[in-house]
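What follows is a short report on a single structure.
No value in this document is a laboratory result; all are computed from the given coordinates. Values in this document were obtained by computation on a predicted structure and should not be read as measured data. Cβ placement follows ideal geometry from the backbone for every residue including glycine, while neighbour counts extend to all protein chains displayed.
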Amino acid sequence: MKFIIDTEENIAKKAAQRYVEILNRKPDTVLGFATGSTPLGLYAELQRLNAAGALSFKDVTTFNLDEYAGLDGSHDQSYRYFMDHNLFMGVDIDRSRTHVPSGLDIAAAADYDRQIKEAGGIELQLLGIGNNGHIGFNEPGTPIDSITHLVDLTEMTRKANARFFASLDEVPTQAVTMGIKTVMNARSIMLMALGKGKADIVKKSFTGPVTPEVPASILQLHPFVEIYLDYEAASML
Ligand code: GLP
């Protein structure tokens, strides 16, 4: 596990350089993307680098981690909408090669891991981290051998994400997420965390015991993980 600790701005730049390296080495790479406020700086930087000709997404295939159950991709709080508007529309990607789990066709979740495998497996999976240590929407207690599945969101997660909705009532109660095993199958993983509010869970996840009660702690067992933290998120390490 490698830690990269810097300012928020430099974290985004350093993380983006990993994509430059990977895509220049293998233009048809399979990438796993994440949503949330944390990767926004990275996504802006990737758009800038793409416009400057430093990297191309033309032959890339992507799989997103998760999606709210019940939200159509045109809903402005769906993760499909988030990805379209915060990354895909700003780069030269072929949208038909971008995958986000369906929030409407829940049965399709069962096929998501097979699709990833068929595409060659994920080379680099990007992750944020929830306040309770969730990765994707794998809440505490999720079995480590889980693949893409439907989950009930905890009250803590719904409250944390309510800031993006008009009210807490509008936050979906369920989501479809890659499982812990799906994430661990990626050949490399990049987790980003920003701000003081993440300092405690960062410490628990990466210096505490590996336990399903802290889903991100499983990453300690992955052979290639980079943790990108700003100084605040790293302040308790
Ligand atoms: C959501 C997403 C996670 C994300 C987390 C943290 O719950 N499902 O993938 O990591 O939020 O979000 P933020 O980056 O806004 O703190």
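Quick look at the numbers
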| read-out | value |
| --- | --- |
| The stretch 47-198: relative contact order in percent, alpha carbon pairs under 8 Å with at least 6 residues between | 27 |
| Interchain or long-range residues, amide H under 5 Å from residue 122's placed H | 187 |
| Farthest positive-ward along the chain dipole, Cα basis, beta-carbon charges - from 217, 11, 62 | 11 |
| Relative contact order of the stretch 114-179, defined on C-alpha pairs under 8 angstrom at six or more residues apart (%) | 33 |
| Residue 94/residue 167 FRET efficiency (R0 25 Å; Cβ-Cβ; nearest 0.05) | 0.10 |
| 2, 181 arranged by Cβ crowding within 10 Å, fewest neighbours leading | 2, 181 |
| Within straight-line cross-link reach of residue 58, lysines at Cα separation under 27 Å, skipping those fewer than 8 residues along the same chain | 13, 14, 26, 117 |
| Least to most buried among 8, 45 (fewest other Cβ within 10 Å first) | 8, 45 |
| Contour excess over end-to-end distance, with Cα ends at residue 75 and residue 231 and 0.36 nm allotted per residue | 52.7 nm |
| The chain, Rg to Rh (Cα coordinates; Rh as Kirkwood inverse mean 1/r) | 0.93 |
| For the stretch 213-220, 3J(HN,Hα) per residue [Karplus equation, 6.51 cos²θ - 1.76 cosθ + 1.60, θ = phi - 60°, Hz, x = Gly/Pro] | 5, 10, x, 5, 5, 4, 4, 4 |
| Whole-Hz ³J(HN,Hα) from phi, Karplus 6.51 cos²θ - 1.76 cosθ + 1.60, for the stretch 3-12, glycine and proline x | 9, 10, 10, 6, 6, 4, 5, 6, 4, 4 |
| By average C-beta atoms within 10 angstrom, highest first, the peptides 206-212, 97-103 | 97-103, 206-212 |
| Label point distance in nm, residue 48-residue 107, each placed 7 Å from Cα along Cα→Cβ | 4.7 |
| Over the stretch 1-94 - Rg/Rh using Cα atoms and the Kirkwood inverse-distance radius | 0.97 |
| Of all DSSP beta bridges in the stretch 100-212, antiparallel share, percent nearest 5 | 55 |
| Normalised contact order of the stretch 1-76, rounded percent, pairs of Cα under 8 Å and 6 or more residues apart | 37 |
| Long-range amide H partners of residue 63 with built H, under 5 Å | 31, 32, 33, 99 |
| Diffusion constant of the stretch 47-148 at 37 °C, which comes from Stokes-Einstein with the Kirkwood Cα-pair radius and 0.692 mPa s, µm²/s | 219 |
